[in-house]
Amino acid sequence: MATDASRDIDDLMAENRKFPPPKDFVKNTLVAGTFLYDEANEDYESFWARQAAELVSWDTPWDTICEWNLPFAKWFVGGKLNVSYNCLDRHVLAGNGDRKAILWEGEPGDTRVLTYAELLDEVCKFANALKSLGVERGDRVNIYLPMIPEAAVAMLACARIGAAHSVVFGGFSAQALADRINDASAKVLITADGGYRRGEVFPLKPQADEAVANTTSIEHVVVVKRGGNAVSMTPGRDHWYHDLMSGASNDCPAEPMDSEQLLFLLYTSGTTGKPKGIMHTTGGYLTHVTYTHKYVFDLHPEKDVYWCTADVGWVTGHSYIVYGPLANGATQVMYEGVPNFPANDRIWSIVEKYKVSIFYTAPTAIRTYMKWGIEEPAKHDLSSLRLLGSVGEPINPEAWIWYQENIGGGRCPIVDTWWQTETGGIMISPLPGATTTKPGSATFPIPGVHAEVVNDAGEPITHGGGYLTLTHPWPGMLRGIWGDPQRYKDTYWSTYEGKYFAGDGAKLDADGYLWLLGRVDDVMNVSGHRISTTEVESALVSHPSVAEAAVVGAKDDQTGQAIIAYVTLRGGATVDETDLRNHVAKEIGAIAKPKAVYFTPDLPKTRSGKIMRRLLRDVAEGRNLGDTTTLADQSVVAELQARAADHSED
Ligand code: PRX
């Protein structure tokens, strides 16, 4: 345990359950044993080069695998390729044009199926439409769409002609969209009239209009008809997607792009401050996402039906809905709406209907399903599933077990994948046929990736709590922050010399397994002990009545900070505050016992589902709330404030 002087994070929780890869799974797995790790350890650059040569088609081979001028990397330098060719043309040329690429389901229940040949046709036409609007290689195009196939079409069409896309999640406001358009100086905006959410049409075009009014760079707006809601079209500037497509030729040869050509910008806001335009380029990124999608998800493209529940507006949607799966020729489900429309079993009805075999979702979703109860998945035949994935936050061990038992039927390995918008692709994860997992641990860096947990002084540690760093360049890494190289250096490369600092706490257990401990900004300091939010939350979630928990450190005269917990119960469950506080003390120690526990039906989350602990700190310390624009549901915090006020009057 840490001494008072130490700034390292305490290691409080021990989790010893182990899950070796199931025998039936191993029979047909792509990677059993350690051969990929062994090869990568020998020479990681050559290892990545082999992946690039095997998994990606190049027009011109590269001269240099990696040029590393810390902190700036270039991969496969001199190589030329086209990402949309890799995701589409080559599958059609190989005779797989009839393979289903996208099995799309709209929220109201309408469906569309696009084969690889159809998707290619659509992308070629739309690439020509973009050209007709003056889009050229090197331009930026903004995309603000619901979860409809046109989102993938638009991204691939940009890639085909060498324009960089900047996708903005459809739930963001007009102001957020305008800020991102302005930062990127985008020329064209692609949006829709509206999309479906919770049974209603949410309008996008009016927000897009408001955003464009606050920008100077947009010359044209393309509007996909989806919601059927009334919209106003500005003549000369606005064009219906279907009108452009009806006049467009499907002949649009993929142009070879430089390996380091900008493929996309994706803005990430972090917790505060001006959003950062994270830059991803072509050859290295495609290699990284194709390789990880194949091996982490053990993809058998001719058999599997893959489903990632993310939105294309997040990096998970970029890397593991669009680029990785399509480059691998996968068949995937894409779903437009929310998980509880028309009822709480919608996700499981989709798994049953399409016989999904690989399912990739976020811990926040899993904990929500826990809250809704096991009756929901039990209504459906989920026997098609053979592999489950998790991403976005630490998955609490009990949520992992719940997922494994109630969704995976005890037979599916779980890959807990740690990565970031900045890393481009998965960095730390089990390989499902090779790695013995422990619930809640992302296990080990994947072959080709080098991670170290360091102490406050930046020295590597082999056991206990510290900070996650990456020590070698990797192909999918961000190439910088758009327009701000200094911020790139300061944010990621200045905390620990020569190492990329991810901003996450992490610990290594006695077997060398990695456990993510949450963002370091959230670490609590109680009587000189640095306690991770993740461990206390996991202790709370291990109580059979608890579905979800968020803890924060609030100022305390005695202990510096005191732990305040916000807890959501599983459907129908009850428990009292003292029992829960004692439960935490029993699980991980008295030092981590929350001072107060508030029960709440919901927790404040960002639009991508991460718990906003900063807001909970404001509530706990009775402060006025700062910026709440990234909050998904504004009413949650008001309710928590009311409860906090009630509690203090108790
Ligand atoms: O804190 C880590 C958490 O999500 C952060 C990255 O967020 P974002 O850029 O939005 O990308 C999310 C999708 C990749 C990380 O710094 N995170 C992501 N995956 C995990 C995780 N924390 C623990 N375990 C994970 N598997």
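The values are calculated or read from the model by the stated rules, or taken from the named source; none is laboratory data. Quick caveat: nothing in here was measured; it's all calculated off a predicted structure. Here the Cβ is made from the backbone with ideal geometry for all residues, glycine too, and neighbour counts use every protein chain on show. Keep in mind that these areas ignore ligands, DNA and RNA; they rest on the heavy atoms of the full protein, side chains included. Shrake-Rupley method; radii C 1.70, N 1.55, O 1.52, S 1.80 Å.
Observations on the model:
- Gly503 touching a helix residue (DSSP H, G or I) at 6+ places or on another chain (Cβ under 9 Å), within 14 Å of the ligand (Cβ to nearest atom) and at positive phi: yes
- Residue ID - nearest to the ligand (Cβ to nearest atom), chosen from residues in the range 570-612 that are assigned to a loop (DSSP other than H, G, I, E, B), within 20 Å of Val523 (Cβ to Cβ) and open to solvent by less than 30 Å² (accessible area, probe 1.4 Å): Met612
- Against the numbered list (1) closer than 15 Å to Leu299 by Cα; (2) free of Cβ contacts under 8 Å to residues at least 40 places away in the same chain; (3) among the polar types (S, T, N, Q), Ser390 comes up short only at (1).
- Screening Ile358 on (1) more than 20 Å from the chain's Cα centre (by Cα); (2) touching a residue at least 40 places away in the same chain (Cβ under 8 Å) shows it passes everything except condition (1).
- The residue that is nearest to the ligand (Cβ to nearest atom), among those in the range 369-396 that are assigned to a helix (DSSP H, G or I) and open to solvent by 30 Å² or more (accessible area, probe 1.4 Å), is Lys371.
- With respect to being touching a residue at least 40 places away in the same chain (Cβ under 8 Å), open to solvent by less than 60 Å² (accessible area, probe 1.4 Å), out of contact with any Ser or Thr (no Cβ under 9 Å at 6 or more places or on another chain) and not aliphatic (A, V, I, L, M), Arg226 fits the description.
- Within the range 282-305, not a single residue is within 20 Å of Leu156 (Cα to Cα), more than 16 Å from the ligand (Cβ to nearest atom) and out of contact with any helix residue (DSSP H, G or I) (no Cβ under 9 Å at 6 or more places or on another chain).
- Residue within the range 205-223 that is part of a strand (DSSP E or B), at pLDDT 95 or above, touching a Leu at 6+ places or on another chain (Cβ under 8 Å) and open to solvent by less than 20 Å² (accessible area, probe 1.4 Å) present: yes
- The residues on offer are Ala539, Ala550, and the sole one that is among the small types (Gly, Ala, Ser) and within 16 Å of the ligand (Cβ to nearest atom) is Ala550.
- Residues being free of Cβ contacts under 8 Å to residues at least 60 places away in the same chain and within 16 Å of the ligand (Cβ to nearest atom) - total across the range 403-413: 1
- Screening Lys131 with (1) open to solvent by 40 Å² or more (accessible area, probe 1.4 Å); (2) assigned by TED's automatic domain parsing to the domain that holds Met279; (3) in contact with an Asp or Glu (Cβ under 9 Å, 6 or more places away or on another chain) gives one miss only, at (3).
- Single match in Thr462, Thr471, Thr423 (criterion: of a type outside the set (Gly, Ala, Ser) and within 16 Å of the ligand (Cβ to nearest atom)): Thr423
- Some residue of the range 87-94 being more than 24 Å from Lys303 (Cα to Cα), surrounded by fewer than 22 Cβ atoms within 10 Å (Cβ to Cβ) and acidic (Asp, Glu): no
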